[in-house]
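Data first, discussion second: the structure below is written as structure tokens.
The values are calculated or read from the model by the stated rules, or taken from the named source; none is laboratory data. Quantities reported herein were computed from a predicted structural model and do not represent experimental measurements. Neighbour counts are summed over all protein chains in view; Cβ atoms, including those assigned to glycine, are modelled from backbone coordinates with ideal geometry. Keep in mind that these areas ignore ligands, DNA and RNA; they rest on the heavy atoms of the full protein, side chains included. Shrake-Rupley method; radii C 1.70, N 1.55, O 1.52, S 1.80 Å.
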Amino acid sequence: MNKDEFLESCIAFSVKINRLRKYLREKQHEYNNSDQIQRSGTSIGANYSEACNAVSKADFVNKLTIAQKEAFETIYWLKVLYGSELITVDQYNDLMSDVQNLHRMLSSSIVTIKKNMKSQT
């Protein structure tokens, strides 16, 4: 997957997260957790977008690492929402699959870039 395709995946995930937040607020009357998952879930793509405009390889890795951490936080919030019975198993599985894929791709990219940076020194 190239960087434009990955960015589109991040955007699609952010849209799903925004819809989830709307659902949580309107149907479940849940505000605190909905705000938390909205922040972390949409931050993945925002940080990836910043990484694409990084000024150096180190800056690129730093932004990817932040996006990776936001993905891991989003996994946490999905588990909380599901455990609290605020989302269905279908919502949980769909979003969890998406965020785990994003997390894996970010992790793989970070490892590859760090390896390439070490081989260039």
Requested in this report: Residue by residue through the stretch 70-89, note down the ones that are among the small types (Gly, Ala, Ser) and either open to solvent by 40 Å² or more (accessible area, probe 1.4 Å) or modelled with pLDDT under 95 (or both).
Outcome: Gly83, Ser84
Query raised in the report: Within the stretch 86-107, can you find the residues that are over 14 Å from the mean Cα position of the chain (by Cα) and among the polar types (S, T, N, Q)?
Result: Thr88, Gln91, Asn93
Query raised in the report: So is Ala67 in a helix (DSSP H, G or I), open to solvent by less than 20 Å² (accessible area, probe 1.4 Å) and touching a Lys or Arg at 6+ places or on another chain (Cβ under 6 Å) or not?
Result: no
Report summary line: Of the candidates Ser49, Ser9, Ser14, Ser34, the one satisfying the condition of being among the hydroxyl-bearing types (Ser, Thr, Tyr), touching a Lys or Arg at 6+ places or on another chain (Cβ under 9 Å) and buried (at least 17 other Cβ atoms within 10 Å of the Cβ) is Ser34
